[in-house]
Number of protein chains: 2
Amino acid sequence: MSPLLNTPVTITDKIFVELRQQIVNGEIVAGAKLSEVELAQKNTVSRAVIREAINRLTACHLVERKANIGARVVTLTAVGLQELYQVREALEGMAARLAAHHMQDDELAELRTLLDNHQQQVQKDENYYQAAGDDDFHYHIILGSHNQHLITMLLDGIYHLSRMYRVQFGMSGPRVKQAFDEHKQIVQAIINRDPELAELLMRRHIVGTKNSVNSERLDNIPKT
Amino acid sequence: MSPLLNTPVTITDKIFVELRQQIVNGEIVAGAKLSEVELAQKNTVSRAVIREAINRLTACHLVERKANIGARVVTLTAVGLQELYQVREALEGMAARLAAHHMQDDELAELRTLLDNHQQQVQKDENYYQAAGDDDFHYHIILGSHNQHLITMLLDGIYHLSRMYRVQFGMSGPRVKQAFDEHKQIVQAIINRDPELAELLMRRHIVGTKNSVNSERLDNIPKT
DNA sequence: AACGCGTATATTGTCGACATTTTAAGCCAT
DNA sequence: ATGGCTTAAAATGTCGACAATATACGCGTT
């Protein structure tokens with residue numbers, strides 16, 4: 001199982017991870033064209049490697065490719081962000097529901113420890129939280145669903161695009177404390193083995209995040 | 001926009017579509033190894049073409065690839081089917097919700113026409129319905145969501161795997177009439193612009209289909 | 001006879017070159 | 001000057017060959 005592909009075995013894996021990070025961080029700017037020859041020279045690898053890496057990025061929805069024309073980094077738009085949150089609402093809501101069914105006791109213990117750590121972080125340094133804490137939380141819930149399709153779609157597919165929006169628009173926001181409380185409620189529902197409540201709360205949590213983002217920084221997004 | 005890629009422009013497109021169909025129909029049996037050289041010879045194309053096609057199939061969750069070892073067609077299992085339906089429940093439920101928001105009048109008219117045709121088919125030949133009618137219905141709802149991510153994930157990603165299960169296990173079942181009635185209810189909710197009811201009904205519809213399948217043919221599925 | 005080691009074979013990963021398509025430039029005609 | 005056609009350049013698509021890795025076989029040892 002290699003959801004995040006932390007141990008790249010082949011050269012293509014390595015290039016893929018590097019390009020993905022550069023795209024998410026905006027080092028390769030949104031909307032930019034990905035020239036195969038240029039990237040091949042810059043990374044000192046064959047075009048075949050670049051091609052395969054680009055194909056994987058396409059599967060992650062980070063890149064769009066047109067036949068005989070080329071590949072471009074996706075452009076970040078207001079509606080795109082909206083649509084992404086809608087998909088997350090559906091999938092992560094289901095993940096929370098399934099987590100309430102399937103999470104083992106040791107997983108729950110881990111989740112609790114995670115929350116405790118986050119609580120301390122929230123009281124000290126608010127910035128840390130949104131950066132890593134939120135991701136960690138959702139990450140655990142997703143894995144807790146024990147649904148391989150769900151896990152793959154979210155972690156390999158949508159996760160990085162989500163981070164790309166967050167990084168490039170610098171969403172941190174005043175929702176830190178509230179989001180943490182919502183996390184606590186979700187965990188409680190899971191511990192209580194209440195799938196429907198867990199799903200409901202997770203969906204509200206994501207919708208809340210979406211709305212807070214929309215009212216904050218939406219104007220910075222370039223025209224469609 | 002090429003959700004189904006009906007007009008393959010490049011050779012790789014053509015091979016990809018062909019392989020996908022062969023896999024869905026079971027001509028390439030589930031669990032089989034996909035040898036690159038063998039497929040290259042058999043189709044009179046380069047290995048590069050085969051490789052790229054296999055990569056796309058991997059993105060569709062029809063094939064699993066391990067580095068330095070090779071690619072195998074996914075194996076169909078009872079839990080895999082269960083998980084697939086859970087993902088569909090989440091995504092198509094959201095699609096129905098969004099369709100109630102965003103479907104235009106002309107799209108609704110099309111949907112109504114579709115239902116009328118299906119009604120006639122149901123009264124005559126029950127087999128036809130599950131074969132094409134159900135797919136058509138869900139297809140329209142998904143497109144009606146007007147959410148590009150949702151559309152891509154479902155039509156490019158999950159749709160074919162769903163069909164693979166259905167084709168290879170020959171699910172037709174006695175739910176034909178009931179499923180049609182459920183479709184009618186969903187459409188009515190969409191026409192009434194009632195997103196929550198539309199989502200609720202769609203989720204019930206999919207859960208119902210899942211349960212009817214599970215009690216029918218689940219035994220035919222080979223061991224995990 | 002069974003186990004482990006080393007070699008041979010087959011398969012995947014990577015590379016450079018050719019073919020085809022798109023894009024850009026230049027020229028001619030109006 | 002502008003518009004369209006022809007041609008040159010660059011990019012993607014496809015190919016065959018080499019390199020690296022995994023699998024299979026055979027041998028020797030216990």
For chain B, compute Rh as the Kirkwood radius over C-alpha pairs and then the Stokes-Einstein diffusion coefficient at 4 °C and 1.567 mPa s; write the answer in µm²/s, rounded to an integer. 70 µm²/s
Do me a favour and compute the ellipsoid semi-axes for the protein assembly as shown from its Cα gyration tensor, root of five times each eigenvalue, largest one first, whole Å. 33, 30, 22
Accessible area of A:LEU197, 1.4 Å probe, to the nearest 10 Å²? 70 Å²
Please work out how much accessible surface A:THR12 shows to a 1.4 Å probe, ignoring ligands, DNA and RNA, in Å² rounded to 10. 10 Å²
Taking A:LYS42 as the anchor, which aspartates and glutamates have their alpha carbon closer than 19 Å to its alpha carbon, excluding any fewer than eight residues away along the same chain? A:ASP13, A:GLU18, A:GLU27, A:GLU52
Mean other chain Cβ within 10 Å across B:84-90 is 6
Output field shielding_mean for A:52-61 (other chain Cβ, 10 Å radius) holds 3
With +1 on the Cβ of every Lys and Arg and -1 on the Cβ of every Asp and Glu, the dipole magnitude of the protein assembly as shown about its Cα centre, in debye rounded to the nearest 20, is 980 debye
P(r) of the stretch A:11-73 over all Cα-Cα pairs, 10 Å bins starting at 0, rounded to whole percent, reads 24, 64, 12
I need to check one value: relative contact order of chain B, counting alpha carbon pairs closer than 8 Å and at least 6 residues apart, in percent. 27 percent
Under the √(5λ) rule applied to the eigenvalues of the Cα gyration tensor, what semi-axes describe the equivalent ellipsoid of the stretch A:136-197? Give them in Å, descending. 22, 19, 6
Cβ-vector label at 7 Å, B:VAL45, separations to other copies in nm: 2.3
Compute the label-point distances linking A:VAL9 to its equivalents in the other copies; points lie 7 Å from Cα along Cα→Cβ; give nm, one decimal, shortest first. 3.4
If you roll a 1.4 Å probe over chain B with all protein chains in place, what percent of the accessible area is carbon or sulfur? 49 percent
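The values are calculated or read from the model by the stated rules, or taken from the named source; none is laboratory data. Since the model is a prediction, treat every value here as computed from it, not as a measurement. FYI the Cβ positions are ideal-geometry reconstructions off the backbone, even for glycines, and counts take in every protein chain you see. Ligands, DNA and RNA are stripped out before the accessible areas are found, and what is left, the full protein with its side chains, is counted by its heavy atoms. Shrake-Rupley method; radii C 1.70, N 1.55, O 1.52, S 1.80 Å.
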